Amino acid sequence: MTTADELRNKKQTYFDDVTIGQDMPPLVIGPMTPTHLFRWSAAIENWHRIHYDQSYAIYHEGLPNILGQGSWKQSILPRYLKDLCLPDGWPWKVSFQHRAMIVPGDTITVWAQVKGKRKVDGLGFVEMDVGMRIQPDTETCPGTATIVLPIRGGRAIPYPFVPPEGA
Amino acid sequence: MSEQSGPLTDEIRALIGKTAERLPASPPWGIEREGLRIFTNSIMDPDPRYWDDEFAKTTKFGGIITPPIYVSYIGRKTPAGAEDPISRAFRENPESDGIGGVRDQGRQPGALPPIPTPLKRVLNAGNEIELRSYPKLGDCIFSQARYADIKGRIGKDGSPMLIVTTETIYTNQDGEVLCILRASGFRR
């Protein structure tokens, strides 16, 4: 897990620093427990019983266990991309699908791999494959993302971010 | 899955592109620290940009920010004084799954109209999130949703399903776009 001080003091990754095929630093979360899942359900007031009522999940819905929430996963990926971009980059877009189920006991590795780079209007756009992998090698949330990193000696990334034409 | 339209009726097809009203998506007092603390703890993000005023002032954002996706959750909570939706759901159906009846879109003013289908089971199929700006403490959030696409499918086991994609644009009190969320779900 990342600490507050690591995020406070994070050094900028520049567009110039990343190469196609490069694995970005992963974020490891877990092992997940029923308490983690319940905390999320309570935080957003999602009362779907498959996320915290084990008897209901198994005996009524026929599931292997209570399930990690898709809404939680969709909050983790932007958080991970934010961390990669800090302090001055921008985690512009992410899209993903929900595949394998996350259940208590799973440890999740959030990852990204650079697939392409392009400069548009003086900004560095980095295309990545992303996902959330559980042990030993199961992808639960495959997707793609585009982040914007500053170019050394280039202009600052505008904030609020408005994508330039052609981005 | 086959490409048959299956459960996609003309009535459902007519909903594609339907846009809901722009609605408040936060309490009247806007984004506040305690809700932000609960949310960021739940995603296990200790970023001081969410809680350390002095540090946050030194960042390019100029103050405390929130995760962009937070705006899609703060408006879903039961307001104080409302009829307890959980009690109502279980009164109507003792075997409620905890979400049917608790969060019935058709009962919320200004929400997208419900999809007229007997397929009630909802499963998350995928998401796209586009970020423009971080919400700030005190921001009042508004959302506007539309049905971007609805597809009908017949599964390998012959069971019908719908794939529903909604697009929701979140803005602040100044009309500034914060994020755009596109969510797809299976109805089975």
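The values are calculated or read from the model by the stated rules, or taken from the named source; none is laboratory data. Since this is a predicted model, take the numbers as computed values, not measurements. Backbone-built Cβ (ideal geometry, glycine too); neighbour counts: all protein chains shown.
Quick look at the numbers
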| quantity | calculated |
| --- | --- |
| The listed residue being out of contact with any Pro (no Cβ under 7 Å at 6 or more places or on another chain), under 30 Å from A:Pro87 (Cβ atoms) and at pLDDT below 95, out of B:Trp29, B:Trp51 | B:Trp29 |
| Residues of the range B:54-64 classified as surrounded by 15 or more Cβ atoms within 10 Å (Cβ to Cβ) and either in a helix (DSSP H, G or I) or basic (Lys, Arg) (or both), total | 2 |
| Leading residue by the ranking (surrounded by the fewest Cβ atoms within 10 Å (Cβ to Cβ)) among those in the range B:116-139 that are among the basic types (Lys, Arg) and within 12 Å of another protein chain (Cβ to nearest Cβ) | B:Arg121 |
| Strands (runs of 3 or more DSSP E) fully within the range B:140-188 counting 2 or more residues that are under 24 Å from B:Gly100 (Cα atoms) and within 13 Å of another protein chain (Cβ to nearest Cβ) | B:160-171, B:177-187 |
| All positions within the range B:44-53 that are within 11 Å of chain A (Cβ to nearest Cβ) and either surrounded by fewer than 19 Cβ atoms within 10 Å (Cβ to Cβ) or assigned to a helix (DSSP H, G or I) (or both) | B:Met44, B:Pro46, B:Pro48, B:Arg49, B:Tyr50, B:Trp51, B:Asp52 |
| Scan of the range A:66-98 for residues that are in a loop (DSSP other than H, G, I, E, B) and either closer than 18 Å to B:Thr59 by Cα or in contact with a strand residue (DSSP E or B) (Cβ under 6 Å, 6 or more places away or on another chain) (or both), ordered by number | A:Leu86, A:Pro87, A:Asp88, A:Gly89, A:His98 |
| Test for A:Ile102: is it of a type in the set (A, V, I, L, M) and either part of a strand (DSSP E or B) or closer than 22 Å to B:Leu131 by Cβ (or both) | no |
| Number of the exception - A:Gly62 against (1) within 30 Å of A:Arg155 (Cα to Cα); (2) at pLDDT below 95 | (1) |
| Close pairs from the range A:153-166: first modelled with pLDDT of 95 or more, partner assigned to a loop (DSSP other than H, G, I, E, B) and among the hydroxyl-bearing types (Ser, Thr, Tyr), Cβ under 6 Å, at least 6 apart | A:Pro160/B:Ser133 |
| Selection count, the range B:123-139, where residues are basic (Lys, Arg) and in a strand (DSSP E or B) | 1 |
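Residues checked against (1) modelled with pLDDT of 85 or more; (2) surrounded by 16 or more Cβ atoms within 10 Å (Cβ to Cβ):
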| residue | (1), (2) |
| --- | --- |
| B:Thr66 | yes, yes |
| B:Ile74 | yes, yes |
| B:Ile86 | yes, no |
| B:Arg91 | yes, no |
| B:Gly98 | yes, yes |
| B:Gly106 | no, no |
| B:Pro113 | yes, no |
